[in-house]
Each structure stands twice: as C-alpha cells, then as structure tokens.
Amino acid sequence: MTLYQFLTKSSYFIKPLGSQSQKKIQITKTICRAVSTTQQTTGAQSSLLECETQENISNDELYLNEIYRSIPFSHAKLGKFYQDRPALENQYTQDAFLRSFLRRHLPSKHFKLVDEDLNRFGNRVTKDIYELSLRLEAEQPKLEQIDAWGKRTDKLILSTAWPQMKEIAAEEGMIACGYERIFDEWSRLYQISKFYLFEPSGGLFGCPLAMTNGAAKTLEVLKDKHSWVYDKAFSRMISRDPNTFWTSGQWMTEKQGGSDVARGTETIAVPQSDGSYKLYGYKWFSSSTDADISLTLARVVDKSGSVIEGTKGLSLFYLEVRDENSIMNNIQMLKLKNKLGTKQLPTAELLIDGARAFKISEDGRGVASMANMLTMTRIHTAMGAASSMRRMVNLARDYSTRRKAFGKILHQHPLHVNTLAFMEIETRAATILVLEIARLLGRQEVLGKGKELEDEAEVLRLIVPLAKLYVSKQAVSVLSEGLECFGGQGYIEDTDLPRMLRDTQVNAIWEGTTNILSLDVLRAITKSSGTVLKCYHEDVTRRIQAGRSNAELQEAVTAVQQSVNNVLGLASKLSPDLVEMAARDFAFSLARIYMGALLLEHACHTDATQMDIVTAKRWCEKDLAPLCTQGGHQNFTQKSMEQNLALVFDGYLHPSRL
C-alpha cells in the first residue's frame, strides 16, 4: 500500500479540490519534491518520488498535495543557522594579568602552590560551582511565616544549591586560607585572588562569605578581650569542615538609618543578670538571613532606662541566630526583600524581640570595633565588582571569535575590538587596585610594625574606600558595555548575561553609596590631620619612579605626577563646604591616579610584557584629575552650589519643602 492509499482511506484528510485540479504541473512537481524530503518510510519515499517522473499530474496527486496541507502536526522549520554561545573556560589560565601580578609578588615556592590551586579552582568555577549558581537564580529564596496549622515558623526556604555552596566554601577554605597564613604575608592576596575567581560563579554566596571574613577578622582582633567568643565562633568561621563551618551576618541598617548608622540605629540592648543582653529592634536590610551568627549594633539601656544618642551610644554585639534546635533566637523574619538583583541571596527585614546577645566592644565603641569588618566587606565589594568585569570581558572576547556580522567575524571589526580593549583596560586597572589592597593588608597582618608599614597603613586607610566606590562604578559601566557586545542576546535572560549587570548594580550601594564613601575619604583625611594624603602622595611618587627611565612610559609618568600635584593642590584651597561638594570628583581623581601609579609600576617590573606597557599608557591618557577639570569650569564655587539647587528644583511642585 502506498502512502497515498493509506492516507486516503481516512476521510479526515480528504478535502474538495475545486479549482485546484487545474494547477500547473511545475507547481505540483515542486510540492512533491518538498514532501519527499520530509518522509522517512521507504514505501512513502518511493511512491512520492514517482510524481517527479510523471508527465501529467492526476487528481490523485492533487488530493495528496491537499492532504499534506491538512495535517495539523509538523516540525518547525528553524533554518540551518544557530549561533555558537561564548565558552566559559578556565578563568585563571586565561587571565594573563592576574597571573603576572601573582608571579611578580609571590616567592617562587609560594607561587608554584598558589598557581596550581588557582588553576584547578579556575576550572571548577566554570563547572559545578557555576551550575549551582544557575540553580540558585532559578530557585530563589522564599519565606513561609506561618505553617498550615497557624504556628509562626519563619521558615526560610532555600534552594538545595545554597547549602551545597556553603559546603564548597568550607572545603575550598575560602575563609580559612586567609587566616591559616600558610603563605605568610601573601595569604590575603591568595585568598582574594581565589574569591576573584569564585565570585562571578558563586550565586551570591560570596556575600555571606564576605561578612564571615569580616566577622572573623573582627573576632581575631578582639580575641584577647573576648576570648570565649573567639574560641567558640572563630574556629568555626575558618573551618574547612562543612559540618562545623559557620557563616556570619552583619546587621547594621535600620529603617531610618541607611548609612547614617549613628543617628539611625534604634535597636536597644537590655542588660541581664548573667552578663548577656536582650536586644530589641528592627533591622531593615539584613543579608544572609540564614547565617549562623551575626554582629550587630545596639544602644545599651542604663538603669534609668535611657540610652546615649549618636555614635557614642553604639556598642557591638555578638548573637547566634538560632539555638541548638534550630529555633530562632527571638528573631522574626517579617519579609524578604524584592530586589533588582542578587535574588539568589536571602535578604530580610528582621524584628529582634529579645534576642540573647553578648557585648564584645567597650561601651560606645561599636562603630570603631566594626572597622575591621567594614574594611573586609568593602574589599570584597570592590573585588566582586572587578571580578564581574573580568568575567564579562572573558565572555565578550570569546564571543568575538564566534559571531559573524557584516561579512566578518567580530574580532575583525576594529571598532568592536577597540571597545573590548577599553573594557580590558578598565578591568586591569580595577583588578590591580584590589590585588594591591589585598597584598598590603596581608603585610599589615603578618609583618608587625615599622615606619614603612605605618605609612602603608595610612595609604590602606584611604584606598579601601576609594576602591570600593570607584571600582563599583566602573563595573556597572563595563558590564553595560559588555551586554552590547552580544547584541540582542545581551538582553535575553536565558543567556545569564542580564543577571550579571543586575547583580553588579548593588556594589555601588552596599557598604555605603558612592557619595557616602566619598565623604568617608574626606573623614579619613581629616582624622589623620592630613597624614593620609602625605603618605598617599609619597607612595604615588615612589611607584612611578621606575617609569621615568622608560621612554615609552615617560609621558604617562608625567601625567600621573602632574595630576597628583594638581589635585592635592586644588583640594587644599577649597573651603570645607566646597570640598564636600567636590568630594566625588576628588575621590575619583585619587582613585584614577593611584590606579595609574600601580599600572606604571607593574609595567616596569622585570617580566612585564608589551601589553602591560600599553595598559599603563592607555590608562594614563584618561582624565586622571576630574576634580581639576571640573574646578577649571568653576563648578566648585558658592555660585555653582546655588545654581545646582535652583536647577534641580526648577519646576518642583512643593517649594515649601525646601
């Protein structure tokens, strides 16, 4: 039986032909050929091919043509082309800049071990760790406050990938490696380099790890005064055993506070007879809600029921989030935040209603005691921003070898490559600043004291907030540019590219916005009576010295030297209110100048490549001193301040509020 005979037995497929029986032979022949290519059975194939050899087309063939038009099931015709996706390959071996920095600074005996581990880990972050991050994005946290029987449970429902990330973090020693000090003063550099590889694949588990790193640093510093807390919690935070590993939260932000912790903290601490305290308050933005412990700020209530307002009234407390039966420590989760990005991360509003806690700072020294924690979390924020830039550049670079447009592969278009080169230079500048901070921090922790280390401590005090504020802004720009490198695919959620931009946006807000950090830079300068700037100036001058003898770098060296002189000179002439107005441009100038100095220094080392020289030169061609550029336009005057206010509120409907 032929296919035609089989099909025509069913009246379902038969339709009147009408005038279609008069169709031309050539058209029907074409249809027959098209149909023959879609059939798989031998009998059907031979019967249809007969159509091609007939000189006359019968009504039977025309019926067959109509039957095939009537079949309601068919494969979509997608065409032969599909676009190769960018390959996510070893993130360490393809990062020439990271490897050259580590090779330059680590002793050979340490570099060999670090290089081996990061090579292995650089591959792992593209495999199981990245797959877990995709699950975390697909299986976002949920909060079940009350169970089916009316009992308050505040059950946080997390993807099973979340505890798996915690296990990986412990086994890989993500926190431990910074405190075991196996690599001496370079242990922090190793740790931050490992986080640099982990962060873009970590599904936001890097956030609780950042706070855990900060808490571990805080307890390490306080161990002599609060040894029992150190003995109980510190060993767990640096454990490599998933069964004993703890993570920490950092609960500071309250409803009216934001970054204004001194005026915005309403949480109170009521002393108990056993030396503990009961905390009462409302924490507005608490990330890593599933943490095992948390450090938080509160005001101690005295015997008269009063508290001290301002920074002087804040003390630092240690609390365990749940008891040994996993029951919340008189803490209620009121809601999970619905955020632009970082959706993998459980961030909640918490009502603290009598949580048992222990004071681990002197009265009124809470903010000062958290300084180490804030330093670590700001370093992590800058590192995360830089690593997101590197991931985007790596993907865009690979894609440029796979995508063809206007007759050429993307990497053959000079304009496209010029864009990628801009992104690469921004990424290298961000990376070297973060890595140098890690190196300097390691020296502070291991080498003790001395004039050189004291000067480095002053510089570190300045460049940590600079890195956090500037690299965070860089990352948003570079990742947005990166999406364009993929055309429309950069806007499609299925590619996982838009998530990268959404998650990166938070870096400019977490741990202080750009303006808040700019003011923090001013406070660091003021508090040191200018010593910070003096050490910064000397450090920049020292770092660029080697470039003076390199003909290719002399122009860049001159640009950095002139910029640092001009910026510090102008800043010293501005009145206090105008300096505050110019704080952002001042901070951006200090960051760009220091990045330039680091890149120049790197371009002069023994094993430097031509690309190191190109990077330093290109960076120093930027406007390194936006403070001076804007100041030259008279944008930092009393008149411009008044104009700003008038411009912003021109047409505003409620002038009485001003």
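Mind checking which residues of segment 619-628 are in a helix (DSSP H, G or I) and either over 25 Å from the mean Cα position of the chain (by Cα) or free of Cβ contacts under 8 Å to residues at least 40 places away in the same chain (or both)? Matches in segment 619-628: 620, 626, 627, 628. Looking at 128, 95, 60, just one residue is in contact (Cβ under 8 Å) with a residue 60 or more places away in the chain and of a type in the set (Asp, Glu), and that residue is 95.
Taking the condition within 24 Å of residue 511 (Cα to Cα), more than 21 Å from the chain's Cα centre (by Cα) and touching a residue at least 40 places away in the same chain (Cβ under 8 Å), does residue 379 pass? So residue 379 does not fit the description; no. Total residues in segment 416-455 satisfying the condition of being of a type outside the set (A, V, I, L, M) and touching a residue at least 24 places away in the same chain (Cβ under 8 Å): the figure is 14. Filtered by the rule that a residue be out of contact with any Leu (no Cβ under 8 Å at 6 or more places or on another chain) and of a type in the set (A, V, I, L, M, F, W, C), segment 271-289 gives 284, 285.
Results for (1) of a type in the set (Val, Ile, Thr); (2) out of contact with any strand residue (DSSP E or B) (no Cβ under 7 Å at 6 or more places or on another chain); (3) assigned to a loop (DSSP other than H, G, I, E, B); (4) closer than 19 Å to residue 506 by Cβ, shown as yes or no for each residue.
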| site | (1), (2), (3), (4) |
| --- | --- |
| 309 | no, yes, yes, no |
| 316 | no, no, no, no |
| 349 | no, no, no, yes |
| 352 | yes, no, no, no |
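Filtered by the rule that a residue be aliphatic (A, V, I, L, M) and over 16 Å from residue 351 (Cα atoms), segment 313-334 gives 314, 316.
Looking only at segment 623-656, residues that are of a type in the set (Asp, Glu) and exposed (fewer than 12 other Cβ atoms within 10 Å of the Cβ) come to 2 in all.
Residues that are open to solvent by less than 50 Å² (accessible area, probe 1.4 Å) and either modelled with pLDDT under 95 or at positive phi (or both) within segment 284-296 comprise 286, 287, 288, 289, 290, listed in sequence order. Every condition in (1) buried (at least 18 other Cβ atoms within 10 Å of the Cβ); (2) under 22 Å from the mean Cα position of the chain (by Cα) holds for residue 138 except the one numbered (1). Residues of segment 225-280 that are in a loop (DSSP other than H, G, I, E, B), polar (S, T, N, Q) and closer than 23 Å to residue 172 by Cβ: 239, 243, 244, 247. Restricting to segment 89-123, name every residue that is under 18 Å from residue 439 (Cα atoms) and not in a helix (DSSP H, G or I). The answer is 106, 107.
One line per residue, one yes/no per condition, for (1) open to solvent by 40 Å² or more (accessible area, probe 1.4 Å); (2) assigned to a helix (DSSP H, G or I); (3) out of contact with any Leu (no Cβ under 8 Å at 6 or more places or on another chain); (4) more than 22 Å from residue 286 (Cβ to Cβ):
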position	(1), (2), (3), (4)
188	no, yes, no, yes
191	no, yes, yes, yes
198	no, yes, yes, yes
204	no, no, no, no
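Close Cβ contacts (under 9 Å, 6 or more residues apart or on different chains) running from residues in segment 403-414 that are closer than 15 Å to residue 487 by Cβ to residues that are loosely packed, with under 14 Cβ neighbours inside 10 Å and among the charged types (D, E, K, R) comprise 403/84; 410/404.
Residue count for segment 167-177 under the criterion of being more than 14 Å from residue 195 (Cβ to Cβ) and either surrounded by fewer than 20 Cβ atoms within 10 Å (Cβ to Cβ) or of a type in the set (S, T, N, Q) (or both): the result is 2.
Grab the helices (runs of 4 or more DSSP H) fully contained in segment 412-523, keeping just those with 1 or more residues being open to solvent by less than 40 Å² (accessible area, probe 1.4 Å) and of a type in the set (Phe, Trp, Tyr).
On the way: elements: 414-446, 451-484, 497-505.
Once the helices (runs of 4 or more DSSP H) in segment 412-523 are filtered for at least 1 residues that are open to solvent by less than 40 Å² (accessible area, probe 1.4 Å) and of a type in the set (Phe, Trp, Tyr), what remains is 451-484.
In segment 211-263, the residue that is least open to solvent (accessible area, probe 1.4 Å) out of those that are among the polar types (S, T, N, Q) and at pLDDT below 95 is 250.
Residue 180 fulfils the conditions (1) among the acidic types (Asp, Glu); (2) part of a loop (DSSP other than H, G, I, E, B); (3) closer than 30 Å to residue 351 by Cα except for a single criterion, (3).
For segment 180-192, check the following and say yes or no: at least one residue is within 17 Å of the chain's Cα centre (by Cα), of a type in the set (Phe, Trp, Tyr) and within 25 Å of residue 433 (Cβ to Cβ). No.
For residue 341, state whether it is within 29 Å of the chain's Cα centre (by Cα), surrounded by 14 or more Cβ atoms within 10 Å (Cβ to Cβ) and not aromatic (Phe, Trp, Tyr). Can you show your working first?
Values: within 29 Å of the chain's Cα centre (by Cα): yes; surrounded by 14 or more Cβ atoms within 10 Å (Cβ to Cβ): yes; not aromatic (Phe, Trp, Tyr): yes.
When the stated conditions are applied, residue 341 passes them.
Annotation: of all residues in segment 292-302 being out of contact with any Phe, Trp or Tyr (no Cβ under 8 Å at 6 or more places or on another chain) and not acidic (Asp, Glu), the one that is nearest to residue 332 (Cα to Cα) is 299. Of everything in segment 297-314 that is surrounded by fewer than 23 Cβ atoms within 10 Å (Cβ to Cβ) and touching a helix residue (DSSP H, G or I) at 6+ places or on another chain (Cβ under 7 Å), the residue that is nearest to residue 213 (Cα to Cα) is 311. Summed over segment 603-622, the residues that are surrounded by fewer than 18 Cβ atoms within 10 Å (Cβ to Cβ) and either touching a Lys or Arg at 6+ places or on another chain (Cβ under 8 Å) or not charged (D, E, K, R) (or both) give a count of 9.
Against the numbered list (1) open to solvent by 60 Å² or more (accessible area, probe 1.4 Å); (2) part of a loop (DSSP other than H, G, I, E, B); (3) in contact (Cβ under 8 Å) with a residue 40 or more places away in the chain, residue 86 comes up short only at (1). Look at (1) of a type in the set (Val, Ile, Thr); (2) in contact with a Ser or Thr (Cβ under 8 Å, 6 or more places away or on another chain); (3) open to solvent by 30 Å² or more (accessible area, probe 1.4 Å); (4) modelled with pLDDT of 95 or more and you find that residue 375 fails only one, number (2).
Among the helices (runs of 4 or more DSSP H) confined wholly to segment 529-600, which include 1 or more residues that are open to solvent by 10 Å² or more (accessible area, probe 1.4 Å), at pLDDT 95 or above and within 18 Å of residue 458 (Cα to Cα)? Break it down into steps so the answer makes sense when it comes.
Numbers: elements: 531-544, 554-573, 576-581.
Where helices (runs of 4 or more DSSP H) fall fully within segment 529-600 and carry at least 1 residues being open to solvent by 10 Å² or more (accessible area, probe 1.4 Å), at pLDDT 95 or above and within 18 Å of residue 458 (Cα to Cα), they are 531-544, 554-573.
Quick one: in segment 349-371, which of the residues that are under 29 Å from the mean Cα position of the chain (by Cα) and open to solvent by 50 Å² or more (accessible area, probe 1.4 Å) is nearest to residue 144 (Cα to Cα)? Among those that are under 29 Å from the mean Cα position of the chain (by Cα) and open to solvent by 50 Å² or more (accessible area, probe 1.4 Å), it is 351.
The values are calculated or read from the model by the stated rules, or taken from the named source; none is laboratory data. The shown structure was predicted, so the numbers you read here are calculated from the model rather than taken from an experiment. A quick note on method: Cβ atoms are made from the backbone with ideal geometry, for glycine too, and the neighbour counts reach across all protein chains shown. Side chains are part of the model used for accessible areas, which takes the heavy atoms of the whole protein and leaves out ligands, DNA and RNA. Shrake-Rupley method; radii C 1.70, N 1.55, O 1.52, S 1.80 Å.
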